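The values are calculated or read from the model by the stated rules, or taken from the named source; none is laboratory data. The model shown is predicted, which means the values in this text are computed figures rather than measured ones. Backbone-built Cβ (ideal geometry, glycine too); neighbour counts: all protein chains shown. With ligands, DNA and RNA removed, areas are computed over all heavy atoms of the protein, side chains included. Shrake-Rupley method; radii C 1.70, N 1.55, O 1.52, S 1.80 Å.
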Amino acid sequence: MSTGAYSSAYAASLADPTAFWGEAAKDIDWITPPSTVLDDSRPPFYRWFPDGTLNTCYNAVDRHVAGGRADQVAMHYDSPVTGRKESFTYADLLGHVRRLAGALAGAGVGKGDRVLVYMPMVPEAAFAMLACARIGAIHSVVFGGFAPAEVAARIDDAKPKLILTASCGIEPSRVVPYQPFLAEGIARSEHKPDKVVLLQREQAPAEVLDGWVDWQEFIGSPAGDAGADCVEVAATDPLYILYTSGTTGKPKGIYRDNGGHAVALRWSMRNIYNVEPGETMFTASDVGWVVGHSYIVYAPLLTGATTILYEGKPVGTPDAGAFWRIIAEYGAVTMFTAPTAFRAIKKEDPEATKLAGHDLSHFRQLFLAGERLDPDTYHWATDRLAKPVIDNWWQTETGWPIAANCVGLERLPIKAGSPSVAVPGYDVQVLDPIGDQLPANTEGAIAIKLPLPPGTFPTLWQDDERYVSSYLSAYPGYYLTGDGGFIDEDGYIYVMGRTDDVLNVAGHRLSTGSIEAALAGHPAVAECAVIGVHDDFKGQIPRALVVVKSGVDVEADGERIRKELVERVRSEVGAVASLRQVDIVAALPKTRSGKILRKTMREIADGHTPAVPATIEDAGVLDRLAPVLRPQG
Ligand code: COA
Ligand code: AMP
């Protein structure tokens, strides 16, 4: 266990959070520096830097231009799927963001208004986020892999004044038109935006529909020419809303405020990710996920570092050497992605022959997060790269790591299978069902003692009640992470998986509820359940169990229904749901109160023999289902 910089920082962060985060706040340029660091007068609602004011875009862009980094590259855009590469200096970035912010302001978007961003990995997506921050508008980026049902749910909750989109995204195997999904999403939602701004891409231009406007025309307007200056916002004003999956079909609007976010992300770059101003970080994710928000866009830019926006995949664009090329070509000192990306590389190039010819001497370490880092993948990456591979555990809700080996502070020994120790600011504990702390090495619910540190979500967007009932009511005074696991005698945390029904497919967080809602909409379906089962490549994949309505002829129509259900999930939720297996079954196992026993089914499907809950209504249903569920072969 550490006796050095990590343990003193950790102890200081819990003993005196005000002094700790007050010091970290000095790395941010405030308009009015906060005189209070933490407002804890209304538990369980805590606010960081309540009387400070600032602008996040100023901190991410303008201050670097003013401070001598105007000619330094802020962002490299590298798109093997289109063959385009472009580098933007901080001065270039400021020009693009000022213009788009001006055009948004000219269209009536102001402080507190929401702007939905439904875009692929193009530079304009990052400009859009920063332009909103500049004028105090709240962006809500929707992952491009989501289909109309998910888009509509987000429009209705965020109620955006305006939507920014592009004509298509590009996947290695196909061009994905965005316009039909967005148009359908808007048609289904009750709330309607004033305007949609469409970025045309030559791979699949789209029709500029009624009420839509072309991107170039929009930014070329007099308001765009005039540009917009940074607007002063309170540290506690929202910067963005990012929807994430819960167990129900209704996504949770995680919102992030301006002040705590800037302070925490800036701190994390030096102390966790080990990146200094002027250095390059490569994060391979998508701006639609929290990893993209934090470590493609905001944290590197808040630091004055260089980020890389990579529109490609770990394999197939063109091959398993893509990441090595990027690291070498742009001199990245740190890379961050999900374990599944490394499993993809390992599968395609087990000997890592594609590393040859790429100079990675400047590369310091690889960070992996988003799902459990299995020891096999950890060892493979460590052996091939001959660099430290750092697992880190966090969630959309927290916005930055809860557990990590804080290599910028002090590199601790790595234990395969553990994302190491609690990050300063997080008092992580493992609790039993009545809320008592469990001894070392005993598995239970992982919870974090309140208050959560700066940069985490202060509540859910316009829904304090759901915030409390979803996260804070299980253990008063604690935030329930939804993950289960244990802490060993050295303080190393082991995260074993979700204790609820949230799915994690290839590092993408998906809701069983959304997939079930799509299935239930099929006329032949009486009831259904979706469970996440182990998959060697994607970590987990969904499996659907469906009971059909009486009168449906399964012999004759079963195959057709199964195909239609797979297609339905793809067109309602999105291709990322990756549902392939649908089983038509006679009945679903339930408790006497009617709750479907998803966890028990999941454990059987993963090859375990679970204890059957005493509250089961009819044990025979489960017995008959077990052979269908059990892994084959
Ligand atoms: N827009 C539209 N469709 C998308 C999409 C997007 N942004 N992202 C993925 N999809 C589609 C894919 O094309 C695929 O469609 P298909 O069924 O027609 O082949 C489907 O959704 C499933 O995608 P994915 O889960 O990404 O699987 P994959 O087999 O295409 O690729 C990996 C697997 C490992 C290469 C890929 O998941 C990856 O690069 N992961 C990196 C980790 C990551 O970004 N995690 C996010 C959080 S850190
Ligand atoms: P998301 O909100 O999409 O970032 O997903 C968060 C969830 O992903 C967590 O609650 C975990 O279940 C899982 N997760 C993320 N990182 C890790 C990790 N390093 N180890 C284990 N699980 C992880």
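Each Lys and Arg Cβ is given +1 and each Asp and Glu Cβ -1; about its Cα centre, the chain then shows a dipole of about 380 debye. Of the solvent-accessible surface of the chain, computed with a 1.4 Å probe and all protein chains present, 50% belongs to carbon and sulfur. A cut-off of 5 Å between modelled amide H atoms, ignoring neighbours fewer than 5 places along the same chain, links Asp427 with Lys449.
Between the listed residues Thr18, Gln437, Ala614, the Cα displaced farthest toward the positive end of the dipole of the chain, a dipole computed from Cβ unit charges relative to the Cα centre, is found at Ala614.
Under a 5 Å amide H cut-off, with hydrogens placed 1.01 Å from N, Asp257 pairs with Leu239 among residues at least 5 apart or on other chains. When both bridge partners sit in the chain, DSSP labels roughly 60% of those beta bridges antiparallel. About its Cα centre, the range 165-272 has a charge dipole of approximately 680 debye under the convention of +1 per Lys or Arg Cβ and -1 per Asp or Glu Cβ, with nothing else charged. Determine, from the Cβ-Cβ distance of Asp500 and Asp383 and an R0 of 56 Å, the FRET efficiency 1/(1 + (r/R0)^6), rounded to the nearest 0.05. After rounding, the FRET efficiency stands at 0.95. The residues of the chain present an accessible area of 37 Å² per residue when probed at 1.4 Å with all protein chains retained.
The simple Förster model, with R0 at 51 Å and r as the Cβ-Cβ distance, assigns Glu559 and Ala440 a FRET efficiency of 0.50. The coefficient of translational diffusion for the range 23-105, derived via Stokes-Einstein from the alpha carbon Kirkwood radius under 4 °C and 1.567 mPa s, stands at 84 µm²/s.
Note on Val552 and Glu351: the extension gain reaches 67.3 nm, defined as 0.36 nm multiplied by sequence separation minus the Cα-Cα distance. Compared with the direct C-alpha span, the chain from Asp156 to Ala11 gains 47.9 nm at full extension, assuming 0.36 nm per residue. DSSP assigns beta bridges within the range 493-633; of those with both partners inside it, close to 80 percent run antiparallel. The Cα trace of the chain gives Rg and Dmax of 24.0, 73 Å, the first to one decimal, the second as a whole number. Pairwise inverse Cα distances across the range 511-629, averaged and inverted, put the Kirkwood hydrodynamic radius at 14.7 Å. Summarising the label geometry, the points placed 7 Å from Cα in the beta-carbon direction at Gln203 and Asp225 lie 3.4 nm from one another. Can you give the FRET efficiency for Asp583 and Lys85, using 1/(1 + (r/R0)^6), R0 = 41 Å, r = Cβ-Cβ distance, to the nearest 0.05? Between Asp583 and Lys85 the formula returns 0.35. Distance between the 7 Å Cα→Cβ label points at Ser593 and His534: 3.0 nm.
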